[in-house]
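One structure below.
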Amino acid sequence: MKILIIGQGAREHAIAHFLSHPHHSLYIAPGNPGTESIATSLPYNPDQIDSITTWAAQHRPDLAVIGPELPLSLGLADRLRALNIPTVGPDQSAARLETSKTYCKELLTQAHIPTPPAIPCTDLHSARSAIRQLNAPYVIKADGLAAGKGVFLPKDNQESDSILDALFNQRILGSAADKVLIEKRIEGREISIIALTDGTTLRYLPPAQDYKRLYDHHLGPNTGGMGAYAPAPWLTPSILETIHHTIFTPLLQTLQHRSISYRGILYAGLMITDQGPQVLEFNVRLGDPETQAILPLIATPLDELFHATANAALNQIPLRLHPARASTAIVIAAEGYPHQPTLHTPITLPTVLPPSTAIFHAGTRRHPDGTLRVAAGRILTATAWAQSLREARETAYALARSIQIPKSHYRKDIAQNL
């Protein structure tokens, strides 16, 4: 099978790793130094959808897997399906679930899906008015795509004023914050529930817990994600059943009523509250770093699952998991991340990896002298899987300690005390 993967981060490296097979030819646009040994790199960034479409028309891959949200928002899945190429990723119309938090909130409300109340705002005055209306505590969210950096948790009104000034006046997130959502902050335990769907059938991946804050004990600014573990041992089957019936099923039905055919990944960021699960956000692709923690647990061949998703045949493929297996993924970040990461620092990786481990590249590049160097804020994900979460955690941290990147850092509390 000839498979095209779109993206360049640790998520796409993990996808390529678990799709790698002697009978498959993998191509990745553009990939990274970690994918060089398992896939042919194509010189196209994910937003270059004209070039990617032209390549696909010439080379006719049997399957395309779109990793990041940006090419989905630009309509790459529509373009590939127009060429009759089976594609994992929703059409542009469905990608609005992630590209506009306001649209997502309106759809959730229409579908009677539990979600915190929120008020959309287009300027400083309306945002301050919304804050007074909702009363503290609240969350400030940029409406558009912000690379995981568009959610703010102000401690007080003074801090919220600084955040709103940065969004509306200083334009730190550009057009992503042309509109913001002031949302009531709710208490509970966060969890990521990710499902494959062909628009009718749902196949739930193991639930994963992501760690968004930069520092231990959930301190510091929000990031794109500093680590994850899976499965979540505290999430009961009854809660999962509630999530299926009150969130995913009505969402699919609402999309169908809007004549939106959804073939790809549905990612729900949930808060498990005393009143039950509530939706904080929906994404239209696999999470990062959740993917790095989830994929090692899946026993069904990933190519079969993706192919069935793309061809509306998911009801014919069971999703089997490896028995008694858990995983931990630790993100190693550059000094200064997420605001001003220090780049070009040399990276030294261990020459031999322990069994049941992987290092997934995110922000790396190969220097002309052959050395591996830092190219972005989140550099690598050290991942391990084992029969218990404790063993997976210990092995993942041992792997992280074996990686040498001056002044890099990572959280020390991923999967701790579970």
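In segment 281-308, the residues that are in a loop (DSSP other than H, G, I, E, B) reach residues that are open to solvent by less than 10 Å² (accessible area, probe 1.4 Å) and polar (S, T, N, Q) with C-beta atoms within less than 8 angstrom, at least six apart or across chains, in these pairs: Gly287/Ser192; Pro289/Thr381.
For (1) under 25 Å from Ala382 (Cα atoms); (2) touching a residue at least 12 places away in the same chain (Cβ under 8 Å); (3) in contact with a strand residue (DSSP E or B) (Cβ under 9 Å, 6 or more places away or on another chain), each residue gets a yes or a no:
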| position | (1), (2), (3) |
| --- | --- |
| Glu190 | yes, yes, yes |
| Thr197 | no, yes, yes |
| Thr201 | no, yes, no |
| Pro207 | yes, yes, yes |
| Arg213 | yes, yes, yes |
| Asp216 | yes, yes, no |
| Gly227 | yes, yes, yes |
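Of the residues making up segment 357-370, those that are in contact with a helix residue (DSSP H, G or I) (Cβ under 9 Å, 6 or more places away or on another chain) and part of a strand (DSSP E or B) number 5. Screening Gly276, Gly264, Gly287 for residues that are of a type outside the set (Lys, Arg), surrounded by 15 or more Cβ atoms within 10 Å (Cβ to Cβ) and more than 18 Å from the chain's Cα centre (by Cα) leaves exactly one candidate, Gly276. For residues in segment 122-151 being farther than 28 Å from Thr246 by Cβ and in contact (Cβ under 8 Å) with a residue 40 or more places away in the chain, which is surrounded by the most Cβ atoms within 10 Å (Cβ to Cβ)? Ranking the qualifying residues of segment 122-151, first place goes to Ala127. Being open to solvent by less than 50 Å² (accessible area, probe 1.4 Å), touching a residue at least 12 places away in the same chain (Cβ under 8 Å), of a type in the set (Ser, Thr, Tyr) and assigned to a strand (DSSP E or B) is a condition met by at least one residue of segment 371-392.
Residues that are open to solvent by less than 70 Å² (accessible area, probe 1.4 Å) and among the polar types (S, T, N, Q) within segment 152-185 comprise just one, Ser160.
Whenever a residue of segment 404-418 is modelled with pLDDT of 95 or more, its partners that are outside any loop (DSSP other than H, G, I, E, B) and open to solvent by 20 Å² or more (accessible area, probe 1.4 Å), lying with C-beta atoms within less than 6 angstrom and at least six residues away or across chains, give the pairs Gln404/Thr348; Arg411/Asp216; Lys412/Asp216; Asp413/Asp216; Ala415/Leu389; Ala415/Arg393. The conditions of being open to solvent by less than 10 Å² (accessible area, probe 1.4 Å) and assigned to a loop (DSSP other than H, G, I, E, B) are met by Ala232.
Looking across segment 117-154 at every residue that is more than 16 Å from Asp178 (Cα to Cα) and under 21 Å from the mean Cα position of the chain (by Cα), the one that is modelled with the lowest pLDDT is identified as Gly148. Candidates Pro354, Pro296: the one that is in contact with a helix residue (DSSP H, G or I) (Cβ under 8 Å, 6 or more places away or on another chain) and surrounded by fewer than 19 Cβ atoms within 10 Å (Cβ to Cβ) is Pro354. Has segment 391-409 got any residue that is closer than 25 Å to Gly7 by Cα, under 19 Å from the mean Cα position of the chain (by Cα) and among the polar types (S, T, N, Q)? Looking through segment 391-409, none of the residues is closer than 25 Å to Gly7 by Cα, under 19 Å from the mean Cα position of the chain (by Cα) and among the polar types (S, T, N, Q).
The values are calculated or read from the model by the stated rules, or taken from the named source; none is laboratory data. Because the structure is predicted, anything quoted here is derived from the model rather than measured. Neighbour counts are summed over all protein chains in view; Cβ atoms, including those assigned to glycine, are modelled from backbone coordinates with ideal geometry. When the accessible area is computed, the model is the full protein with side chains, heavy atoms only, and any ligands, DNA or RNA have been set aside. Shrake-Rupley method; radii C 1.70, N 1.55, O 1.52, S 1.80 Å.
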